[in-house]
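Here is the structure we will look at.
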2 protein chains.
Amino acid sequence: MDLRDVFAANLRRLRNAKGLSQEELAHQASVSRSYMSQLEKGEFYASLNVIGRLADALKVEPADLLKMPSGHKSKSRN
Amino acid sequence: MDLRDVFAANLRRLRNAKGLSQEELAHQASVSRSYMSQLEKGEFYASLNVIGRLADALKVEPADLLKMPSGHKSKSRN
């Protein structure tokens, strides 16, 4: 599973769990709404500063955004 | 603690635990040796594709590279 897809799935799940819209989270994390939508589609390789700001806005640990879905291994280790 | 510093500390710790030199890990993860050294000094915000390649080369989960040192909270949540 590509890390962009892992990140996108975690971002969507955690945002929904907090009851935030893409617009609200984008605003809180100082990213544009369109970039936010593209991140959730797995279109971009976010960088650490964006990952950090999103984790802060979601009040989760940055590592939570990169956690593999249970039962999945990163693509090149199985 | 800035996420670049968290990443740098985890990268150094995991690389040493595997007994790899910066040069060996840089080669395995297809990044330049100088970039590798700057990442370990916390000078750059790595992106997901570099994080993924380094995790693969170290045979760890990508989230392991972003784990906060025990007892630390990300900078803006304490």
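Within the stretch B:30-71, restricting attention to residues that are part of a helix (DSSP H, G or I) and among the β-branched types (Val, Ile, Thr), the residue that is surrounded by the most Cβ atoms within 10 Å (Cβ to Cβ) is B:51. The residue that is nearest to the chain's Cα centre (by Cα), among those in the stretch A:14-29 that are away from chain B (no Cβ under 14 Å) and surrounded by 14 or more Cβ atoms within 10 Å (Cβ to Cβ), is A:15.
State all residues of the stretch B:6-41 that are in contact (Cβ under 8 Å) with a residue 24 or more places away in the chain, more than 18 Å from residue A:46 (Cβ to Cβ) and of a type outside the set (A, V, I, L, M, F, W, C); if no residue qualifies, say none. Those that are in contact (Cβ under 8 Å) with a residue 24 or more places away in the chain, more than 18 Å from residue A:46 (Cβ to Cβ) and of a type outside the set (A, V, I, L, M, F, W, C): B:12, B:15, B:18, B:28, B:40, B:41. If the condition is being of a type outside the set (A, V, I, L, M, F, W, C) and modelled with pLDDT under 95, then the stretch B:1-29 contributes only B:2. A count restricted to the stretch A:30-40 and to residues that are more than 10 Å from the chain's Cα centre (by Cα) and either within 20 Å of residue A:63 (Cβ to Cβ) or within 14 Å of another protein chain (Cβ to nearest Cβ) (or both) stands at 4.
The values are calculated or read from the model by the stated rules, or taken from the named source; none is laboratory data. These numbers come from a predicted model, not from an experiment. All Cβ positions, glycine included, derive from the backbone under ideal geometry; neighbour counts span all protein chains shown.
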